[in-house]
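Note sheet for the following structure.
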Amino acid sequence: MMSSKTSTAVPTTSSWLERFFNISARGSTVRQEVIAGLTTFLAMVYSVIVVPSMLGKAGFDPGSVFIATCLIAAFGSLLMGLWANLPMAIGCAISLTAFTAFSLVLGQGMSLPVTLGAIFLMGIVFTLVSVTGIRQWVLANLPKGIAHGTGIGIGLFLLLIATNSVQLIVANDTGLPVKLGDIHSLPVIATVVGLAATIGLERRRVPGGILLVIIALSVFGLLFDPNVEFKGVFAIPDLGAEGSLIGQLDIMGALNPVVLPIVLALVMTAIFDATGTIRAVAGQANLLDKDDNIIGGGKALTSDSVSSIFAGLVGGAPAAVYIESAAGTAAGGKTGLTATVVGVLFLLMIFLAPLSYLVPAYATAPALMYVGLLMLSNVTKLDFDDKVDAMAGLTCAVFIILSCNIVTGIMLGFATLVIGRICSGEWRKLKPGVLVITIGLVVFYMGGWAI
């Protein structure tokens, strides 16, 4: 009797989850989605350390920013999971966090409330651009070569970010921009071994192989790396701390004519940076329809823009879909349950702050490198019979990594496509929308507004 009751209880729960998230229809399982969520969370949990550190240098209270970072990631990821039903996690965008700290506050001397007001306004405009269909229009006018090139470039970008985080590839003082780091260091050796192990486990189709490697390297670091310390488990957050910036934004100050161009620059950057990332992650997860459009793309595009509004309210940096979401899709995530797991874990992280220090960079670097390598497979999707389109895609990819900026790569890809079409006599293949986007991006850069 007891075993009979037990066996009927589990399918009921699974059935509800499967109906809500369409798990079976997308070829996944609840277990696979949970593992993917854990993988994405561990791949992006570094943000709760990096974001407070950067904003702290600009005068933000690091403890309050830690809470805000967790709240933004939880809000955005839950919105993406429960509403858009896509396996993409949202958090404070690292690039826009750096711009907020070092350009807005330290560079231009903006006060913290006005800065948050600018982020809030950016979120409002960004959301209007999303709900009115302008972002969807941009996606619809994204040539296939540049769409695939963005995926290739983001893959290369992930490889650079991951290898630099463990000092496998470092800046070069003279000669070429980068060079090999200390190949004898523990983080470098652990990363290379972890990458090889990830590739092997994924080849054998071991369930949760990426997550297993992250956990194994974290345990290894705790046992053998003196830089990885156990600092406890629980920490009670103080939402009313003296330095808290929740609700402290100055919207009227941000409406100053001097500040508004900055708001528009943030919006332009977010449109192409975040939109390109969403398209690349969706492609990685095979969540494109027969017309190459993102399944549930409209809701996905609105989720990250609304999250930036929330960021301004709680005192954090602008939000965006994290490239690290591709680690979860590589682990099998195909539905919003993946993002929902991430959101719940970030809510718990508010109370488990000390645990964030138990995942060293070399534990997550192999996952990001593996995903980066997977995304390079987009090169096989380029149509080299249409050389202009293919080369524009490769131009986009190469300059994403060379400039370390997704928008720069996309701009140069569009410019190459348009000029290439004209010079090859194929100008009739150019859509009016492609011309409009190209002119807008070139003016954005030539005008000096690019971030």
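Here are the numbers for the structure shown:
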{"item": "Set Ile309, Ile323: member being part of a loop (DSSP other than H, G, I, E, B), within 24 Å of Ala270 (Cα to Cα) and either open to solvent by 10 Å² or more (accessible area, probe 1.4 Å) or modelled with pLDDT under 90 (or both)", "result": "Ile323"}
{"item": "Residue within the stretch 124-146 that is in contact with a Cys (Cβ under 9 Å, 6 or more places away or on another chain), assigned to a helix (DSSP H, G or I), in the same structural domain as Ala93 (by the TED database) and open to solvent by less than 50 Å² (accessible area, probe 1.4 Å) present", "result": "yes"}
{"item": "Some residue of the stretch 43-65 being under 22 Å from Ala282 (Cβ atoms), of a type in the set (A, V, I, L, M) and in a helix (DSSP H, G or I)", "result": "yes"}
{"item": "Tally, over the stretch 11-50, of residues that are at pLDDT below 90 and of a type in the set (Val, Ile, Thr)", "result": "6"}
{"item": "Answer residue from the stretch 102-118, given it is among the aliphatic types (A, V, I, L, M) and without any contact (Cβ under 8 Å) to a residue 60 or more places away in the chain and is surrounded by the most Cβ atoms within 10 Å (Cβ to Cβ) among those", "result": "Val105"}
{"item": "Near pairs, Cβ below 9 angstrom, 6+ apart or cross-chain, from the stretch 194-217 (exposed (fewer than 13 other Cβ atoms within 10 Å of the Cβ)) to any residue that is of a type in the set (Val, Ile, Thr)", "result": "Gly200/Val206"}
{"item": "Residue in the stretch 265-279 that is in contact with a strand residue (DSSP E or B) (Cβ under 6 Å, 6 or more places away or on another chain), open to solvent by less than 10 Å² (accessible area, probe 1.4 Å) and over 20 Å from Val48 (Cα atoms) present", "result": "yes"}
{"item": "Residue check for Gly194: under 30 Å from Leu417 (Cα atoms) and either in the same structural domain as Ala282 (by the TED database) or in a helix (DSSP H, G or I) (or both)", "result": "no"}
{"item": "Top-ranked residue of the stretch 218-244 - restricted to ones that are surrounded by 13 or more Cβ atoms within 10 Å (Cβ to Cβ) and in contact with a Pro (Cβ under 8 Å, 6 or more places away or on another chain), ranked as modelled with the lowest pLDDT", "result": "Ala235"}
{"item": "Helices (runs of 4 or more DSSP H) lying entirely in the stretch 350-451 (those with 3 or more residues that are open to solvent by 60 Å² or more (accessible area, probe 1.4 Å) and β-branched (Val, Ile, Thr))", "result": "432-446"}
{"item": "Any chance Asn256 is more than 26 Å from Ile23 (Cα to Cα), out of contact with any Ser or Thr (no Cβ under 6 Å at 6 or more places or on another chain), assigned to a loop (DSSP other than H, G, I, E, B) and in contact (Cβ under 8 Å) with a residue 12 or more places away in the chain", "result": "yes"}
{"item": "Residue within the stretch 173-188 that is open to solvent by less than 80 Å² (accessible area, probe 1.4 Å), touching a helix residue (DSSP H, G or I) at 6+ places or on another chain (Cβ under 9 Å) and of a type in the set (Ser, Thr, Tyr) present", "result": "no"}
{"item": "Among (1) surrounded by fewer than 18 Cβ atoms within 10 Å (Cβ to Cβ); (2) part of a helix (DSSP H, G or I) - the single one Leu121 does not satisfy", "result": "(1)"}
{"item": "Hits in the stretch 415-446 (condition: under 28 Å from the mean Cα position of the chain (by Cα) and over 25 Å from Gly133 (Cβ atoms))", "result": "Thr416, Met446"}
{"item": "Neighbours by Cβ (under 8 Å, 6+ apart or cross-chain): first from the stretch 220-236, under 13 Å from Pro360 (Cβ atoms); second assigned to a loop (DSSP other than H, G, I, E, B) and open to solvent by 100 Å² or more (accessible area, probe 1.4 Å)", "result": "Gly221/Asn227; Leu222/Phe230"}
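The values are calculated or read from the model by the stated rules, or taken from the named source; none is laboratory data. The shown structure was predicted, so the numbers you read here are calculated from the model rather than taken from an experiment. Every residue, glycine among them, receives a Cβ derived from its backbone with ideal geometry; neighbour counts consider all protein chains shown. Areas reflect the complete protein model, heavy atoms only, side chains present, ligands, DNA and RNA absent. Shrake-Rupley method; radii C 1.70, N 1.55, O 1.52, S 1.80 Å.
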